[in-house]
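The structure under discussion appears below in the form of structure tokens.
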Amino acid sequence: FFVFIPFVPNMSTDADPVQTTTSENTQNVEKQVPAEILERRVFAGNLSFRTNVKSLKEAFSQVGTVEKVNVVSKNRRRLGFGFVQFSSKEEAEKAIVEMNGKEVDGREIKVESSKSTTVPNRKKGKKPKAATTAAKKEQPKKNNTSESNEKPVAKKAPAKKKAKRVPLDQRKESDDVLYVKGISESTEQSAVEEMFKDFGVTSVSIRSSYRGKGKPKSRFAFVIVNSAENQ
């Protein structure tokens, strides 16, 4: 059995204006449908969305005299069910037997007796803005103090690129640089500059090479002179 709830009937212009126009717009009605009408009315479900008042009336007219047809819709979209009212109780009972499972507009429909129930009106109202505003005010404020006390995350310095060694056969000879090896631990940069002062020395750089843990470091120097002749 189907419990009949308020709906918006689809007043299709394709239907007969005399027989299919319904006066049972139950969207804003709280009164129950009279039992005399209910026993002459059937519920038609699993309708194709293509099925309208005209095609539903034509299908049910095969079993009796159709007085009214409602195809339920919402926002101008059919919901896939409706109601058919006959001129007699016997015709409605015949429709339940013969039309249930019959194909209409490519779909097998479901036909049952129609029942009604009282459903109170429910009017949708907008929520008061004051309540919304008050709710926003009650929301706790974010604690900016705790956020300010958090230490900033230090960014990692980008890794240094390792210098690539140039093969010996690809190296170019310099015109102003001298390589001096065997520099002792006690030898200072000023001593090397004094040693090469007669050759126009412009700079001296003393460096050490790593030979492994526990082994003495080897010291050497790069001496830059002011011309190729002094080299």
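Given Cα positions, please report Rg to Rh for region 152-231, the hydrodynamic radius being the Kirkwood one.
Radius of gyration over Kirkwood radius for region 152-231 works out to 1.12.
Give the calculated FRET efficiency between GLU58 and ASN100 to the nearest 0.05, with a Förster radius of 22 Å applied to their Cβ-Cβ distance.
Once rounded, the FRET efficiency stands at 0.80.
Along the Cα-to-C-beta direction of THR65, a point sits 7 Å from the Cα; which residues of region 86-105 have their amide N less than 18 Å from that point?
The answer is 86-95, whose backbone nitrogens lie closer than 18 Å to the label point.
Give me the extension gain from SER186 to LYS162: residue separation times 0.36 nm, minus the current Cα-Cα distance, reported in nm with one decimal.
Result: 5.6 nm gained on full extension.
Values in this text are rule-based calculations from the coordinates and carry no lab data. Treat the numbers as computed from the prediction; the structure is a model and nothing was measured. Using ideal geometry, Cβ is built from the backbone for each residue, glycine included, and neighbour counts are taken over all protein chains shown.
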